[in-house]
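A.B. asks: I'd like to ask you about the structure that follows.
The values are calculated or read from the model by the stated rules, or taken from the named source; none is laboratory data. Small disclaimer: the values here were computed from a predicted structure and weren't measured. Quick reminder, even Gly has a Cβ in these numbers, built from the backbone with ideal geometry, and neighbours come from all protein chains shown. These accessible areas exclude ligands, DNA and RNA; they are computed on the full protein's heavy atoms, side chains included. Shrake-Rupley method; radii C 1.70, N 1.55, O 1.52, S 1.80 Å.
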Amino acid sequence: IINIASIYGLVAPNQKIYTNTPRNSSEIYGASKAGLIQLTKYFATRYAKDNLQINCIAPGGIYNDLLQGSEFIKNYGDLVPQNRMCEVDELSNLICSIAESDCKYLTGQTIALDGGLTAW
């Protein structure tokens, strides 16, 4: 099982990046993603004896120029060591890598796919 949360389940959003877009990251969004991360840990420990691997991916901002203004995209990229947002195929590649892995010892983990943003 691979749950998809968000880095906003790990860290609070930086409100300074939400300037020219009607989208904003509310406290409810972050709380629900943090809850999903905790649920991943709970079920991973509960079902480990049944040989189930349950992990979570917490992606950073996924690039979508239809929903995100150019100023938001620049502001977000400025916060990330790789200086950009995540591409959709990078998320799907990680999902496939975990799903196809023979590593049965990986369970209860949250992988931050964020270009290093949470490493600061």
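A.B. asks: Roughly speaking, to the nearest percent, how much of segment 1-66's 1.4 Å accessible area is carbon and sulfur?
C.D. replies: Heavy-atom surface of segment 1-66 belonging to carbon and sulfur, 1.4 Å probe: 57 percent.
A.B. asks: Answer with one residue from LEU67, SER92, THR40: the one whose Cα lies farthest towards the positive end of the charge dipole of the chain, charges on Cβ with Lys, Arg +1 and Asp, Glu -1.
C.D. replies: Farthest towards the positive end: THR40.
A.B. asks: Quick one: putting +1 on the C-beta of Lys and Arg, -1 on the C-beta of Asp and Glu, what dipole do you get for the chain around its Cα centre, in Debye to the nearest 20?
C.D. replies: With only Lys, Arg, Asp and Glu charged at Cβ, the dipole is about 420 debye.
A.B. asks: Follow-up question, since we're still on this one. Over the chain, average the accessible area per residue using a 1.4 Å probe and give it in Å², no decimals.
C.D. replies: Solvent-accessible surface per residue comes out at 62 Å².
A.B. asks: Quick one: if the Förster radius is 30 Å, what FRET efficiency do ILE4 and GLU71 give, using the C-beta to C-beta distance and rounding to 0.05?
C.D. replies: So the FRET efficiency works out to roughly 0.70.
A.B. asks: Could you give each residue of segment 11-17 its phi-based ³J(HN,Hα) in whole Hz, using Karplus coefficients 6.51, -1.76, 1.60 with θ = phi - 60°, and x for Gly or Pro?
C.D. replies: After applying 6.51 cos²θ - 1.76 cosθ + 1.60, I find 9, 6, x, 8, 5, 5, 8 Hz.
A.B. asks: Helix 70-79 sits at what angle to the longest principal axis of the chain, using alpha carbons and giving 0 to 90 degrees rounded to 10?
C.D. replies: 60
A.B. asks: Of all trypsin sites (Lys or Arg not before Pro) in segment 72-120, which ones are in loop regions per DSSP and have a Cβ with at most 12 other Cβ atoms within 10 Å?
C.D. replies: Passing both the DSSP loop test and the Cβ count: LYS104.
A.B. asks: With a 1.4 Å probe and all protein chains in place, put TYR18, TYR42, TYR105 in order of accessible area, largest first.
C.D. replies: Order by accessible area, largest first: TYR105, TYR42, TYR18.
A.B. asks: Once Rh for the chain is found with the Kirkwood sum over Cα pairs, what is the Stokes-Einstein diffusion coefficient at 37 °C and 0.692 mPa s, in µm²/s?
C.D. replies: 216
A.B. asks: Can you list the residues of segment 38-80 with backbone N under 13 Å from a point 7 Å past the Cα of ASN14, pointing along Cα to Cβ?
C.D. replies: Flagged as within label range: 61, 72-80.
A.B. asks: Pick from ASN14, ASN55, ASN75 the residue whose mean-square fluctuation is largest in a GNM of the chain, springs joining Cα atoms under 10 Å.
C.D. replies: ASN14
A.B. asks: So, one more: If each DSSP helix of 4+ residues adds -39,500 (n - 2.57) and the sum is divided by the residues in the chain, what number results at 222 nm, nearest 500 deg cm²/dmol?
C.D. replies: The per-residue figure over the chain is -11500 deg cm²/dmol.
A.B. asks: Need the list of lysines near LYS74 for cross-linking: C-alpha distance under 26 angstrom, and skip anything on the same chain fewer than eight residues off.
C.D. replies: LYS16, LYS33
A.B. asks: Continuing with the same structure: By how many degrees, between 0 and 90 and to the nearest 10, does the Cα long axis of helix 88-100 differ from the longest principal axis of the chain?
C.D. replies: Computed tilt is about 10 degrees.
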